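Structure record follows, encoded as structure tokens.
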Amino acid sequence: MKLRKLVVAASVAAIGFSAALTAPAAYAAEEQFFPVLAYRTGAYAPNGAPWANGFVDYMKLTNARGGVNGVKMIWEECETAYATDRGVECYERLKGKHGGATAVQPLSTGITFALTEKAPVDKIPVITAGYGRSESQNGAVFGWNFPLVGTYWSGADVLVQHIAKKEGGFDKLKGKKLTLVYHDSPYGKEPIALLQERAKMHGFTLSLLPVAHPGVEQKATWLQIRQNKPDYVFLWGWGVMNSTAIKEAQATGYPREKMYGVWWSGAEPDVKDVGDGAKGYNALAMQHGAEPNAKVVKEVLEKLHAKGQGTGPKEEVGQVLYMRGLISAMVQTEAVRVAQGRYGKGKRITGEQMRWGLENLNLDQKALDALGFAGVMRPVHTTCIDHMGSGFARVHTWDGKKWNFSSDWYEADQKVLRPMVMLASAKYAEEKKIKPRTPEDCKN
Amino acid sequence: MSFFLETLLGGLMSGMLYSLVALGFVLIYKASGVFNFAQGAMVLFAALSMARFSEWIPEWLGMDNLFMANVLAFTISIVVMFVVAWLIERLVLRHLVNQEGATLLMATLGIAYFLDGVGQTIFGSDIYKIDVGMPKEPVMMLESVFEGGILINKEDFVAAFISALLVVALSIFFQKTSTGRALRAVADDHQAAQSIGIPLNRIWVIVWCVAGITALVAGVIWGSKLGAQFSLSTVALRALPVVILGGLTSVPGAIIGGLIIGVGEKLSEVYLGPYVGGGIEIWFAYMLALVFLLFRPQGLFGEKIIDRV
């Protein structure tokens, strides 16, 4: 009996203590909270962990620089294992902590789909830099989604432009065969609509080969590729699916030089254990590639890792996915700065105010250079209607030891993308009974 | 025709790799009546151990001989798997003697999660390379018979050969050695085996050690193919339809089952997949196994259970 009383008393005390920790009143006014939905375990950990390391390191760096006008970044990490249900659970658990989440970055298209309907209710922006729903570029309908810097449609468009350039023009694509090997998930299916549109425009044949999660069995897929002999293979994989695809290409004799991965299929974990077999393999660089010489990377090493305060292995700082995490954190930090400019410098901002910041990002080259991102990426300008802000990308190629840029910059063709975005978002608005925002609404 | 043969051969060789994992299930079930859900986790653990020790040993000893590093890493990994086997018997199975099969199954489920987590904590969760010199480039055969020839994946071919050798060795072990017979006796009836002086605990340690070695061989081969990383634990899911089809108690069943599943899933993906949107091979393997069960509930080579009413 005594023991039971003790247990009850301890439980009550624990609940009270944790409530005190999470109560809105408990947050310090000069702190800005960001949930970190990461995956450091499971099938996708080799790719998820470097992103999370870069993301967290940038927030640490921001604090080391003195915060955003004195406001410190605080965060809490939650393990999603790249599973949609766990991602939603993490979001629900963290959204109200420390006075409320400022924005969330799910690092999963599946989780993004699930959060797209929750975000407007909770008034928390969902930032999906380089992933998520492609039509969410239209801020009039997707008021809370921000596919900053690139969507899968912009990525696929750049890839088609690149192979057209290699062939000598779009007219030379007629009669060519292109195969898309994709992760059989919302993520992998995203580029299909754009590629079908481009196939209609230029007369190439598009074959679709889905690969079931996690993507370790692709023999049948590559036997079909061997039979069909496509001119190019586009790879929309993630995690172990990428390296398996390259290994199967080698095993079936498909030239790696004719393979092009999306920017989630073009990082060090995808190629390093393939060895020479990956030589010549190409992938999109979502603006940045591996950037060991970037000023911001040197600053991270100096201010964090040299003092034992860095996140993850020091040797991975500056690698492709680490840089993706760094950039993802940088754009959200700069949005906080923009929002503070309107709602009060040195003050904590709300999710709604953060949305305004994200819709008024104006990262010109000068600003990027000052932040240490010179040569890493191109300017980003968002508006209330354009939530992507930049559609530039380039191609990089693995030489057996490192990624090297192998193309100039391309910009996704908005003449192709825009009608698709408008059509798909209008359909979404009709289904969900959303009244699109007008230019007048955007002023508020 | 040549494409059909390529798909068929590819399926047969994949099937041999599934058999290698399925053997681990069969060994433990045959000797202890336990359906070891942790077999996939053991494959992952063994592969991670092999990959990391082959990386660490040259650093520790300052050597650059890959062959010696692999031999030492393999030896250490065998010891690691023996320790894992001993701990499983000591801390889990010993306390569950004569419990219901479902209890033992749940215990192995716990072991699976534990090994997955601990393996990644100790060895890391990145993709690690296992380089045992497996050939990666394909070869073309029968070029004079078929236009363009038939493509053979040398790595799969070597892996299938190693699997076949392991199967022969295990069959001899079970049929011709006194320990093998003791293992089968324990599987038939724990209490009866104990009553004639067979030491149950020691037998369980032995069978988990043998399953550990099988997991290590499977881990090295799969790890060489895919890299040593978390997804190796899901390879066990590919072996489940194999044991359903082949029967839980039969070593030859694991082999034949593996070949049928391997061929079935590849042919289905290539020839049926395009009509239903593709990506069907995983569920098709289970469906194939279930269809077989309709006609032979005990599996192809499983022992028919007849109970007196």
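What follows is calculated from the coordinates using simple rules that are stated; it is not laboratory data. Just so you know, these numbers come straight off a predicted model, no measurement behind them. Here Cβ is always computed from backbone atoms with ideal geometry, including for glycine, and neighbour counts include all displayed protein chains.
Each residue, A:Cys78 and B:Met106, gets one label point 7 Å from its Cα in the Cβ direction; the gap between the two is 2.9 nm.
Positive end of the dipole of the range A:278-434 (Cβ unit charges, origin at the Cα centre): among A:Pro292, A:Gly391, A:Gln309, the Cα lying farthest that way belongs to A:Gln309.
Over 20 Å apart at the Cα level, from the set A:Lys279/B:Lys136; A:Lys176/A:Lys258; A:Lys189/A:Lys427; A:Lys272/A:Lys303; A:Lys95/A:Lys118; A:Lys247/B:Lys154, are A:Lys272/A:Lys303.
In chain B, helical runs assigned H by DSSP with n ≥ 4 each contribute -39500 (n - 2.57); averaged across all residues and rounded to the nearest 500, the mean residue ellipticity at 222 nm is -24000 deg cm²/dmol. Placing unit charges on the Cβ atoms only, positive for Lys and Arg and negative for Asp and Glu, gives the range B:2-233 a dipole magnitude near 820 debye about its Cα centre. Packing order of peptides B:168-180, A:238-250, B:113-125, highest average first: A:238-250, B:113-125, B:168-180 (average count of other Cβ atoms within 10 Å over each peptide's residues).
Working from Cα positions, state the angle (0 to 90°, nearest 10) between the long axis of helix A:414-432 and the longest principal axis of chain A. Here the helix axis deviates by roughly 50 degrees. Given R₀ = 56 Å, FRET efficiency for A:Asp85-B:Ser144 by Cβ-Cβ distance, to 0.05? Plugging the Cβ-Cβ distance into 1/(1 + (r/R0)^6) gives 0.50.
Using the Cβ-Cβ distance between B:Leu8 and A:Gln414 with R0 set to 51 Å, the FRET efficiency works out to roughly 0.60. Normalised by the number of residues in chain B, the mean separation of alpha-carbon contacts (under 8 Å, six or more apart) gives a relative contact order of 34 percent. Taking label points 7 Å from Cα along the Cα-to-Cβ direction, B:Trp86 and A:Glu30 give a separation of 5.8 nm. Distance between the pseudo-spin-label points of A:Lys366 and A:Lys402 (7 Å out from Cα toward the beta carbon): 3.2 nm.
Largest GNM mean-square fluctuation across B:Phe37, B:Phe146, B:Phe284, computed for chain B with C-alpha springs under 10 Å, falls on B:Phe146. In a DSSP loop and with at most 10 other Cβ atoms within 10 Å, the GluC sites (Glu not before Pro) in the range B:125-205 are B:Glu147. Within the listed set A:Asn63, A:Asn293, A:Asn404, the residue fluctuating most in the Gaussian network model of chain A (springs between alpha-carbon atoms under 10 angstrom) is A:Asn293. Compactness of the protein assembly as shown is given as radius of gyration and Dmax, 27.9, 89 Å, from Cα positions. Here A:Leu423 and B:Leu237 are evaluated by their C-beta separation; at R0 = 45 Å the FRET efficiency comes out at 0.70. Only helical runs count toward this figure. For chain A, summing -39,500 (n - 2.57) over DSSP H runs of n ≥ 4 and dividing by all residues gives -13000 deg cm²/dmol at 222 nm. Computed from phi, the 3J(HN,Hα) profile of the range B:29-42 under the Karplus parametrisation 6.51, -1.76, 1.60 (θ = phi - 60°) reads 5, 5, 9, 9, x, 9, 7, 7, 5, 8, 4, x, 5, 5 Hz, with x in place of Gly and Pro. Only one residue of A:Met73, A:Ser185, A:Tyr410 has its Cα farthest out toward the positive end of the dipole of chain A, where Lys and Arg carry +1 and Asp and Glu -1 on Cβ, and that residue is A:Met73. Evaluating 6.51 cos²θ - 1.76 cosθ + 1.60 at θ = phi - 60° for every residue in the range A:301-311, the Karplus couplings come out as 5, 6, 7, 10, 5, 5, 9, x, 10, x, 10 Hz, glycine and proline recorded as x.
Look at A:Arg324, A:Arg337 and count the other Cβ atoms within 10 Å of each Cβ; fewest to most, that gives A:Arg337, A:Arg324.
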